[in-house]
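Structure first, then comments.
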Amino acid sequence: MRIASIFIAIIVTTILYFFVFQRDTLVSFSGRTPAVETLTDTEQAEQSATANAPPAERSAVDKTAMQVVAAHSVAKELDSAVILRGETQAARSVSVSAETSGRVVSAPLRKGSYVEEGQIMCQLDLGTRESTLAQAKAAVAEAEVGLNNTLKLAEGGYASETDVLRAEAALEAARAMIAQTEQDIANLTIEAPFAGLLESDTAELGTLMQAGSLCATIIQLDPMKLVAYAPEAEVDRIEVGTLAAARLLTGEEITGRVTFLSRSADPTTRTFRVEVEVPNTDFSIRDGQTVEMAIRSEGKSAHLIKQSSLTLNDEGLLGVRIVDADNMVAFVPVQVIRDNVDGVWVSGLPEEVDIITVGQEYVRSGVTVAPQFEEIN
C-alpha cells in the first residue's frame, strides 16, 4: 500500500514538472503553435500616432479614457453682503425727571401718546415762589441803594474800599437770588425734550414730586436704529454710509444706511457695534424687535455651480475637479460664498473653467479624461 502511494506521488510530480517548466515542449508535441499577436503596418502606425499625439488629440483616439460629464462655467459679478443679526432700538430714549419739588397740577398724559418737542408733560404747583421772587427783587433794590450811598461816602473819604466791595457783593447776591428763583419757577414746567411717544404715563395729578422724581419716559421711533455686532473677520467689509437691507421676524423688509461703526471691540465678544438708520414714519417698527441685516459690501467674481460638483481632496480641502485645455484633471480649492435653490456660489476659480459635474469622484489629478459637456449657466 505504501509503495502505491509513492508511485502516484512520482507520477503527479512528473506531470507538474512538464506542465510548468516544459510547457512549450508539450505544446510543440501536441502540434499547436502558440499564438503570437502581430500588428499590420497600418495598426502599428496608428498606435504610434496615438502614443505620440498631444493630450488634446489623444482624447479623441484614446478609447480607454475615463468618460466624465463637465460643464463650461463663466464667472459672474456677485454682490457680496455681510449678514448680521441684531435688534431694533429707539433713536432716542430719555426718562424726564423733575428738577425741583412741587405738587403736580396738570392732568396726566397716557402712555402711547405722541408729544411734540416743548409740549408740557408735567406742571408743578407754583407754591410760595412768587413771594420769594418779590423778596429777592426788594433785596436787589435795597442793595442798589446801599451801594450808591457807600460810593458817595467813599468819594468823601468816609468809606473804605472794603465797604464798597461789601456793598457790591450784597447787590450781586440779591441779583443771584432773583435768577435762582426765576429758574426754580421755570423748572415747575416739565416739557418734552424732543418729539416722540410716551412709553409711560406722566405723573398723576396731585402727586408730590421731589427733585429727581420721574415725570415720564419718552422715546423717539422715527428714525429707528438697527443695532448688530460684526465679528472681526467681517468688520473691514463694512463702511459708514453703505446701503443695508433688513428683515424683521414678521417678514417686513426695510432699507437704510450704516450710520455708525464702532472702532472699539466689545471686550467680551470681540465684536464691533454697527448701527443702521431706517425711516419709521408710521411707527410700525417697535423698539426691541429681532432683525436680520444684509449690509452691502464690495462684490466679487464667483461661479454658480451644482452643489453635487463639490468634492474633497486627500487633504480634506473643499473644491471641484476641472478639465484643463489638455483634458487633464486638476483639483481647485474653492470657498462657498452663499447658496440658493439653483446651486452654490463659489470663489477661487478662473474666469472661465470646465467643471466636472459627473464622475469627479472617480478620477484624480493628472488623469486624462474624455469629457462630454453640458451648460449650467
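The values are calculated or read from the model by the stated rules, or taken from the named source; none is laboratory data. Here the structure is a predicted model, which is why all the values come from computation and not from measurement. We place every Cβ from the backbone using ideal geometry, glycine too, and count neighbours over all the protein chains shown. Protein only, heavy atoms only, side chains kept; ligands, DNA and RNA dropped before computing areas. Shrake-Rupley method; radii C 1.70, N 1.55, O 1.52, S 1.80 Å.
For the subset of segment 333-375 comprising residues that are aliphatic (A, V, I, L, M) and open to solvent by 30 Å² or more (accessible area, probe 1.4 Å), which member is farthest from LEU310 (Cα to Cα)?
Within segment 333-375, the subset aliphatic (A, V, I, L, M) is 334, 336-337, 341, 344, 346, 349, 353, 355-356, 358, 363, 367, 369-370.
From what's left, open to solvent by 30 Å² or more (accessible area, probe 1.4 Å): 336-337, 341, 358, 367.
On the way: VAL336: 10, ILE337: 13, VAL341: 16, VAL358: 11, VAL367: 18 Å.
Residue satisfying both the conditions and the ranking: VAL367.
Every residue, every condition in (1) open to solvent by less than 20 Å² (accessible area, probe 1.4 Å); (2) farther than 20 Å from GLN89 by Cα; (3) of a type outside the set (Ser, Thr, Tyr), yes or no:
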residue	(1), (2), (3)
PHE194	yes, no, yes
LEU198	yes, no, yes
ALA203	yes, yes, yes
GLN220	no, no, yes
MET224	yes, no, yes
VAL227	yes, no, yes
ALA245	no, no, yes
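Do we find a residue being under 30 Å from ALA169 (Cβ atoms) and not in a loop (DSSP other than H, G, I, E, B) anywhere in segment 119-129? Yes, segment 119-129 contains at least one residue that is under 30 Å from ALA169 (Cβ atoms) and not in a loop (DSSP other than H, G, I, E, B). The condition (being modelled with pLDDT of 90 or more and under 30 Å from LEU221 (Cα atoms)) is satisfied by just one residue among ARG321, ARG286: ARG286.
Kindly establish whether THR255 is open to solvent by 80 Å² or more (accessible area, probe 1.4 Å), in a strand (DSSP E or B) and more than 17 Å from ALA230 (Cα to Cα). Walk me through how you get there before you give the answer.
Details: open to solvent by 80 Å² or more (accessible area, probe 1.4 Å): yes; in a strand (DSSP E or B): yes; more than 17 Å from ALA230 (Cα to Cα): yes.
Considered against the rule, which asks whether it is open to solvent by 80 Å² or more (accessible area, probe 1.4 Å), in a strand (DSSP E or B) and more than 17 Å from ALA230 (Cα to Cα), THR255 comes out as yes.
The set of residues from segment 229-243 being part of a loop (DSSP other than H, G, I, E, B) and open to solvent by less than 40 Å² (accessible area, probe 1.4 Å) comprises ILE238, GLY241, THR242. Here ILE285 fits the description: in contact with an Asp or Glu (Cβ under 9 Å, 6 or more places away or on another chain), in contact (Cβ under 8 Å) with a residue 24 or more places away in the chain and not basic (Lys, Arg).
For segment 144-192, which residues satisfy the criterion of being within 30 Å of ILE120 (Cβ to Cβ) and among the polar types (S, T, N, Q)?
Keep residues of segment 144-192 that are within 30 Å of ILE120 (Cβ to Cβ), which gives 175-192.
The answer is GLN180, THR181, GLN183, ASN187, THR189.
Of all the numbered requirements in (1) closer than 24 Å to SER93 by Cα; (2) not in a strand (DSSP E or B), GLU298 misses one, and that requirement is (1).
Has segment 279-289 got at least one residue that is in a strand (DSSP E or B) and either surrounded by 12 or more Cβ atoms within 10 Å (Cβ to Cβ) or basic (Lys, Arg) (or both)? No, there is no match, as no residue in segment 279-289 is in a strand (DSSP E or B) and either surrounded by 12 or more Cβ atoms within 10 Å (Cβ to Cβ) or basic (Lys, Arg) (or both).
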